[in-house]
Amino acid sequence: MPTAKDIVVKKPTEEETATCKSWPVWTCEPSEFDWDYTQSETCLVLEGEVTVTDRPEGEVSVSFGPGDLVVFPVGLKCIWNVKGAVKKHYNFG
C-alpha cells in the first residue's frame, strides 16, 4: 500500500503549469479530514498550506504549498491537514 513517502512534490515546468490551468479548481478552508485515493490525483497548488499524513500509522507526512505540483498515488489512505485555505487545480486518473 502506498504511503505519504510515495507522494511526489515538485516545481512544475511551464508546460505542466499550462496543462494544469485547464483543470477544474477545488478550494477548502482550514480543516482536517481523512481521504482515500481510489485513483491517482495530480494537482497544482495555487494558494494555501497542507500537510498530508499516512493513515492509520501517521508516521510519514508531506507538506506542500503554492507553486507545488503534487501527485498522489492510487491506494493512498491519508489525513489532510489544511493549515491555510487551499485553492488548487486538480485532475484524477
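Computed from the coordinates by the stated procedures, all read-outs in this text should not be read as laboratory data. All values reported here derive from a predicted model rather than from experimental measurement. Here the Cβ is made from the backbone with ideal geometry for all residues, glycine too, and neighbour counts use every protein chain on show.
Over 18 Å between Cα atoms: which of Lys11/Lys87; Lys5/Lys83; Lys21/Lys77; Lys11/Lys88; Lys11/Lys77; Lys21/Lys87 fall into that group? All intermediate terms of the calculation are to be shown ahead of the outcome.
Numbers: Lys11/Lys87 16 Å; Lys5/Lys83 20 Å; Lys21/Lys77 27 Å; Lys11/Lys88 14 Å; Lys11/Lys77 24 Å; Lys21/Lys87 12 Å.
The pairs that break the limit, which is 18 Å between Cα atoms, are Lys5/Lys83; Lys21/Lys77; Lys11/Lys77.
Taking 0.36 nm per residue of separation and subtracting the Cα-Cα distance, what length does fully extending Glu32 through Glu16 add? Don't jump to the answer; show the numbers that get you there.
Numbers: separation 16, 0.36 × 16 = 5.76 nm, distance 2.83 nm.
Length gained between Glu32 and Glu16: 2.9 nm.
When N counts the residues of the chain, how does its alpha-carbon radius of gyration compare numerically with 2.2 N^0.38 Å, as a ratio?
Details: Rg = 12.3 Å, N = 93, 2.2 N^0.38 = 12.3 Å.
That ratio works out to 1.00.
Across 10 Å bins from the origin, how do the percents of Cα pairs in the range 11-55 run, short distances first?
19, 51, 29, 2
I need the phi-derived Karplus couplings for the range 42-54: 6.51 cos²θ - 1.76 cosθ + 1.60, θ = phi - 60°, integer Hz, Gly and Pro marked x.
10, 9, 10, 7, 9, 8, x, 9, 9, 10, 10, 10, 3
Can you check what the net charge comes to around Cys28, using other residues whose Cβ is under 10 Å from the Cβ of Cys28 (Lys, Arg +1; Asp, Glu -1)?
Once positives and negatives cancel, what remains is +1.
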